[in-house]
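Read through the structure below, which is laid out as structure tokens, and then see the notes.
Just so you know, all these numbers are worked out from the coordinates, no wet-lab data involved. Since we're looking at a predicted model, the values are computed, not measured. All Cβ positions, even for glycine, are placed from backbone atoms using ideal geometry, and neighbour counts span all protein chains on display.
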Amino acid sequence: MKVLVPVKRVVDYNVKVRVKSDGTGVDIANVKMSMNPFDEIAVEEAVRLKEKGVVTEVIAVSCGDAKCQETLRTAMAIGADRGILVETAQELQPLAVAKLLKALVDKEQPQLIILGKQAIDDDSNQTGQMLAALAGLPQATFASKVEVSGDAVNVTREVDGGLETLALTLPAVITTDLRLNEPRYVTLPNIMKAKKKPLDTVKPEDLGVDVTPRLKTLKVSEPPKRGAGIKVPDVATLVDKLKNEAKVI
Amino acid sequence: MTALVIAEHDNASIKPATLNTVTAAAACGGDVHVLVAGQGADAAAQAAAQIAGVSKVIQADGESLKDGLAENVAAQVLAIAGNYSHILFPATAGGKNAAPRVAAQLDVAQISDITKVDSPDTFERPIYAGNAIATVQSADGVKVITVRTTGFDAAAATGGSAAVEKVAAAADSGKSRFVGREVTKSDRPELTAAKIIVSGGRALGSAEKFNEVMTPLADKLGAAIGASRAAVDAGYAPNDLQVGQTGKIVAPQLYIAAGISGAIQHLAGMKDSKVIVAINKDPEAPIFSVADYGLEADLFTAVPELVKAL
């Protein structure tokens, strides 16, 4: 069975982005870019399913400009078998990405689609659920454990108040949470091997998808800053401040 | 113009996140209706009818809605979506799960995690872990929204007297089945609704120490307990206590961070708290840059001392 794993190229999680002074967005010129951490967990999970013999092929997909090839190569270095780049210079919003992925699901017929639960740039947390709805598939978001058996998959999810387990009929969509696995380090030989793996490029038009953005960003601004606080010398002063100055206890 | 709020509830009562979402819905400018989708949820529907500012409650009751499966909840919302200009979910695990299915099937963009309503079609939302605020305008006919509850005051839970209208429950999708739930038992206030939160980090060193040090402080203050991602990943605290960009977003009156260095992902989840206290022995810890009161000390002596002094 095939697994499709969409991966997004985002600003590295260690980078603190700066808002551009003209308010049109954040400055991402010359900052380090990486694979979205949740997507890395998704690739790792798919590759582990292949290593267990449950899955026969892992296909990584990325939507965006030509530089997303790097992200696909990283996915292939972790162990994905091939990559598909849906190339466009257009800004892509979650609904558009979900439609592109739906078209690829129709074409590739994977039994599982594993995505990160959210991208750490736009923090939308939408694409997996949207894809599931468009493709008429069941979903298990925020997964911390995935067990495939026959034509079903049991997924433990991280929800408010604890954990819950769902059983989904395949094909199905899963989105990953942090505790699902710890992605492996990519080794040099695997990076070299990944360069030889097949990478196809398609355009949104080839898939018959209109990717025009629906949301217009009017401006991007700095969040309100917190005023500088003070250091207190000891616990007694702290308690006094909380009681008499801040009046919160 | 009418807004629909999807209630977060446990059949017996309405969860506080619903109240903040009602306030956001009212800010969109029209009437506010609330959908209570569940099984045996009469009490929750009655409670929703009491919320100030709600003009109608729609109760869908049936087996298919018992466990809040996203497929069925979304189908339920879609069955009545035609009547609404705005559909708002609280940005809880349940809301985030179902909302995008509704948006995709209506072929509209979703606006996630809004913190402010500027006008009926323009909203503010944090991006990049709250390091930037985007103002976005939607051109779609229906606005599907998730609401960051810390961005809006809670509507009054009483004072309203809306009529409750019952509708048929959506059919089960047949593709997803609820198997079981492991609920973390706790008498403490819910993390996202607590007035005071005490949060522990990696410096606690073990699950035993985490309990031993943080529990007495939480007991003394009647506080909820939170944790940093590092503490959760290390197994010191359960996952549903994680505060941060991808965990819970909280804004209590008082947030006490003990042994938390303050990675940007953690700060994203708590920097809107009214008063922040940081206890850390590293003077360079980034948490001090957002703390109103910083105490540079070893938490293993400072926290027990604090418990005694309170």
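Which value results when the Cα radius of gyration for the stretch A:1-140 is divided by 2.2 N^0.38 Å?
After normalising by residue count via 2.2 N^0.38 Å, the value is 1.04.
Name the residue farthest towards the positive end of the dipole of the protein assembly as shown from the options B:T215, B:T21, B:A258, assuming +1 on Cβ of Lys and Arg, -1 on Cβ of Asp and Glu, about the Cα centre.
Checked the options; the winner is B:A258.
So how do B:E208, A:E164 line up by other beta-carbon neighbours within 10 Å, fewest first? Show your work: numbers first, answer last.
Details: B:E208 10, A:E164 22.
By the 10 Å Cβ count, ascending: B:E208, A:E164.
Once label points are set 7 Å from the Cα along Cα→Cβ at both A:S21 and A:E57, what is their separation, rounded to one decimal in nm?
Between A:S21 and A:E57, the label points sit 5.2 nm apart.
Counting only DSSP beta bridges with both residues in the protein assembly as shown, tell me the antiparallel percent, nearest 5.
Taking every DSSP beta bridge within the protein assembly as shown, about 35 percent pair in antiparallel fashion.
Per residue, what volume in Å³ does the convex hull of the Cα atoms of chain B enclose? Don't jump to the answer; show the numbers that get you there.
Details: hull volume 40.9 nm³, N = 310.
So the per-residue hull volume is 132 Å³.
Given only helices, namely DSSP H runs of n ≥ 4 each adding -39500 (n - 2.57), what is the per-residue ellipticity at 222 nm of chain B, to the nearest 500 deg cm²/dmol?
Here the helix-only value at 222 nm equals -8000 deg cm²/dmol.
How many nm is it between the label spots at B:T184 and A:E70, if each spot is 7 Å from the Cα in line with the beta carbon?
My value for the distance between the label points is 3.7 nm.
Compute the Rg/Rh shape ratio of the stretch B:101-146: radius of gyration over Kirkwood radius, all on alpha-carbon atoms. Spell out each step's value before the answer.
Working: Rg = 10.7 Å, Rh = 10.9 Å.
Here the Rg-to-Rh quotient is 0.98.
What FRET efficiency comes out for the pair A:N30/B:T2, r = Cβ-Cβ distance, R0 = 51 Å, nearest 0.05?
Working from the Cβ atoms, E equals 0.60.
Cα-Cα pairs above 34 Å in the protein assembly as shown: how many percent?
Pairs farther apart than 34 Å: 39 percent.
Apply the a/c threshold of 1.5 to the C-alpha gyration tensor of the stretch B:42-177 and tell me whether it is rounded, prolate or oblate. Walk me through the numbers before you get to the answer.
Working: a/c = 1.79, a/b = 1.26, b/c = 1.41.
Cα axes put the stretch B:42-177 in the oblate bin.
Where nothing but the Cβ of Lys and Arg (+1) and of Asp and Glu (-1) is charged, how large is the charge dipole of the stretch B:164-310 around its Cα centre, in debye to the nearest 20? Could the numbers behind the result be given before it?
Numbers: 16 positive and 17 negative charges, 86 e Å.
Using Cβ point charges on Lys, Arg, Asp and Glu, the stretch B:164-310 gives about 420 debye.
Mind giving me the FRET efficiency for B:Q137 and B:N211? R0 is 51 Å, r the Cβ-Cβ distance, nearest 0.05 is fine.
On the way: r = 48 Å, r/R0 = 0.94.
The calculated FRET efficiency here is 0.60.
Do any GluC sites (Glu not before Pro) in the stretch A:31-134 lie in a DSSP loop with no more than 13 other beta carbon atoms within 10 Å, and if so, which?
A:E91
State the dimensionless ratio Rg/Rh of the stretch B:204-310 (Rg: radius of gyration of Cα atoms; Rh: Kirkwood radius).
The Rg/Rh ratio comes out at 0.92.
Treating the beta-carbon of each Lys and Arg as +1 and of each Asp and Glu as -1, no other charges, what is the dipole magnitude of the stretch A:1-100 about its Cα centre, to the nearest 20 debye?
In total the dipole reaches around 60 debye.
Over the Cα atoms of the stretch A:102-249, Rg to Rh with Kirkwood Rh, two decimal places?
1.15
Antiparallel DSSP bridges in chain B: what percent, to the nearest 5?
Beta bridges within chain B, antiparallel portion: roughly 20 percent.
Do you know the relative contact order of the stretch B:186-244, to the nearest whole percent, from alpha carbon pairs under 8 angstrom that are 6+ apart?
39
Quickly rank B:86-95, B:153-162, B:232-241 as a protection proxy: mean count of other C-beta atoms within 10 Å, highest first. Don't skip to the answer; put the middle values down first.
Details: B:86-95: 25.0, B:153-162: 15.0, B:232-241: 20.2.
Order by mean packing, descending: B:86-95, B:232-241, B:153-162.
Output the 0 to 90 degree angle, nearest 10, between the alpha-carbon long axis of helix A:37-51 and the longest principal axis computed from the alpha carbons of chain A.
Once rounded, the angle reads 40 degrees.
Based on DSSP, what percent of beta bridges with both residues in the stretch B:1-98 are antiparallel, to the nearest 5?
If we restrict to bridges inside the stretch B:1-98, about 5 percent are antiparallel.
What is the order of A:K67, A:K219, fewest Cβ neighbours within 10 Å to most?
In increasing order of surrounding Cβ atoms, one gets A:K67, A:K219.
Run the dipole for the protein assembly as shown about the Cα centre, Lys and Arg Cβ at +1, Asp and Glu Cβ at -1, nothing else charged, and hand back the magnitude in debye, nearest 20.
Value, rounded to 20: 660 debye.
Between the stretch B:103-142 and the stretch A:198-219, what is the separation of their alpha carbon centroids in Å?
19
Rounded to the nearest 0.05, what FRET efficiency is calculated for A:K195 and B:D233 with R0 set to 35 Å and r the Cβ-Cβ distance?
It comes out at approximately 0.60.
Quick check on the stretch B:8-69: what are the equivalent-ellipsoid semi-axes from the Cα gyration tensor, as sqrt(5λ), descending, whole Å?
After diagonalising the Cα gyration tensor, the semi-axes are 21, 10, 10 Å.
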